[in-house]
Amino acid sequence: MKQKHWKILPIIALTILASASFARHDDQTSPRVIEIKAKRFAFEPSELTLKKGEPVVLRLSTEDVTHGLYLKPLKIDADIEPGKVSEVKITPDQVGKFVAICDHFCGAGHGNMHMVVNVVE
Amino acid sequence: MKKDMNRRSFMKIATTSFGIGMLCQVLPVPAVGENHDYLNFLGKQNGEKPTPFSFVQLSDTHVGFNGPPDPLGTKAFEHAVDMVNGLDQQPDLVIVTGDLTQDSEKPDEHAGRMQQFKDIASRLKTPMLRMVPGEHDAGLDGGVLYREHFGETSYSFDHRGVHFIALDNVSRAKPEVGPERITWLKKDLTRFSKTAPIVVMTHRPLFDLKPEWEWFTSDGDEVMNVLAPYDNVTVLYGHIHRDHEHEIGHAKHYAARSLIFAFPDPETVAVDQKKPIPFDKDNPFKNLGIRVVNETPGKRPAANSLEIKDVELSLREFNELVGIQQLLKNGAI
């Protein structure tokens, strides 16, 4: 029994080390991914906080009709179509409080469908 | 340079925003010392000599809208029709710059609202009614229902030497005119000289007024570049539910107030707090008012010589339709 443990333990240790190494590698090269869901007449989440200079990927999807996500200062201009996932990669280059809007008319409450984006140092 | 200024000054569009809409007077005004030969010259250049006339701009009637904030429905629109009919000087035409109706998921219901708009508008004595869609009219179905009821969403026509262009910036669902319509616009303008007086009627502003509130047109700069060579361009729009004036290059942009509810000045509220001004049952027409734009007496006619005067409408004035009549009788415009 004791002999069996000596054989398994190094394998477990190696697996943990390898996982940690991969995770660190992932952190260093891949931008943070933020899921954003649109549905009439709101975005989920309704508020985001990003860091200036940090690349992020916004993964956009809709639960009902076509929507848009538009925020000129951060160069966001995407369509969000049913059944598809859109990805927008951005690197905020200015700090502040911004308001992204749905710019694809989606019904009576469209005019107030927005998401607050805070960019901090 | 002098000649350029004179060319631009020949036509004044004096606008009076009276809460329920805007009265526009087109006045050929040769600069001091010039004679009517210049108007004849423009007539030869543009095919028709400009002659004075007036027209009314209404906007954002939102027929079918059920508050909040405004529980009055079509009452303001119906009063506007009565008010226009009561003007001593009848306008040649009435234009409506979009959001004639409130959108509906149900095509039959939306069609009913369009018919209701037509029923109310048909009471106008004015022989010509021209409109352009807003996103609530044409944003959900690409303008299919709108075309059935009102015709094409972009078109042009000439009236007494003025070229009117209805430019759709809503039916692509996004705030844009689109490359096809910009190509159409270029072609439409080719027959005109640079001196032609041009009135563009559209729904959304053609410049970045407040993008966070969707008060912009993403390809508005391209449109204005097409219009840039022309000396006399006036853009009339709605969408923002408040009056606004803006001047870029040779072009002047005027927004008309809504006939359903008002939005506040976006500079006075937080950017993420876009909300209509609350309805005040004791003063239901608060924030409606009169805006008079005059040529300033004693100043040389030029783009920047307009005098602007705001007068808030009282409930009595609105009910008895006296405010605008008094202004007109006093020769304020």
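Only the coordinates and a few stated rules stand behind these numbers; no lab work does. Because the structure is predicted, anything quoted here is derived from the model rather than measured. In this analysis, Cβ positions are derived from the backbone assuming ideal geometry, glycine residues included, and neighbour counts consider all displayed protein chains.
Here is how the numbers come out for the structure above:
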{"quantity": "Using a Förster distance of 41 Å, the FRET efficiency for B:K125-B:V271 (Cβ separation, nearest 0.05)", "calculated": "0.40"}
{"quantity": "Table column - 3J(HN,Hα) (Hz), the range A:37-52, Karplus curve with 6.51, -1.76, 1.60, x for Gly and Pro", "calculated": "10, 10, 7, 4, 10, 7, 9, 10, x, 8, 8, 10, 10, 10, 9, 4"}
{"quantity": "Shielding score for A:93-106, defined as the mean number of other chain Cβ atoms within 10 Å", "calculated": "4"}
{"quantity": "Under-5 Å amide H pairs with B:L129, H placed in peptide plane, nonlocal only", "calculated": "B:V94"}
{"quantity": "Mean Cβ neighbour count within 10 Å, used as a protection proxy, ranking A:34-42, B:215-223 highest first", "calculated": "B:215-223, A:34-42"}
{"quantity": "Kirkwood Rh and Cα Rg combined as Rg/Rh, the range B:83-139", "calculated": "1.05"}
{"quantity": "Net lengthening on full extension, A:N118/A:K39 (0.36 nm per residue, minus Cα-Cα)", "calculated": "26.3 nm"}
{"quantity": "Backbone HN-Hα couplings from phi across the range B:85-98 [Karplus 6.51/-1.76/1.60, Hz, Gly and Pro as x]", "calculated": "4, x, 5, 4, 9, 5, x, 6, 8, 10, 10, 10, 9, x"}
{"quantity": "Virtual spin-label span in nm between B:K44 and A:S30, 7 Å along Cα→Cβ", "calculated": "7.4 nm"}
{"quantity": "Residues whose placed amide H lies under 5 Å from that of B:D208, excluding near-sequence neighbours", "calculated": "none"}
{"quantity": "A:K52-B:E247 FRET efficiency (beta carbon distance; Förster radius 35 Å; 0.05 resolution)", "calculated": "0.50"}
{"quantity": "Of B:K118/B:K275; A:K72/B:K186; B:K125/B:K252; B:K75/B:K252; A:K39/B:K174, pairs whose Cα-Cα distance is over 23 Å", "calculated": "B:K118/B:K275; A:K72/B:K186; B:K125/B:K252; B:K75/B:K252"}
{"quantity": "Shielding by partners - mean other protein chain Cβ count within 10 Å, residues of A:108-119", "calculated": "4"}
{"quantity": "Nonlocal amide H pairs with A:F105, under 5 Å, H built at 1.01 Å", "calculated": "B:K174"}
{"quantity": "Inter-chain shielding of B:138-149 (mean C-beta neighbours from other protein chains, 10 Å cut-off)", "calculated": "1"}
{"quantity": "In sequence order, calculated HN-Hα J values of the range B:217-230 (Karplus, 6.51, -1.76, 1.60; Hz; x Gly/Pro)", "calculated": "10, 4, 10, x, 4, 5, 4, 5, 5, 5, 8, 4, x, 8"}
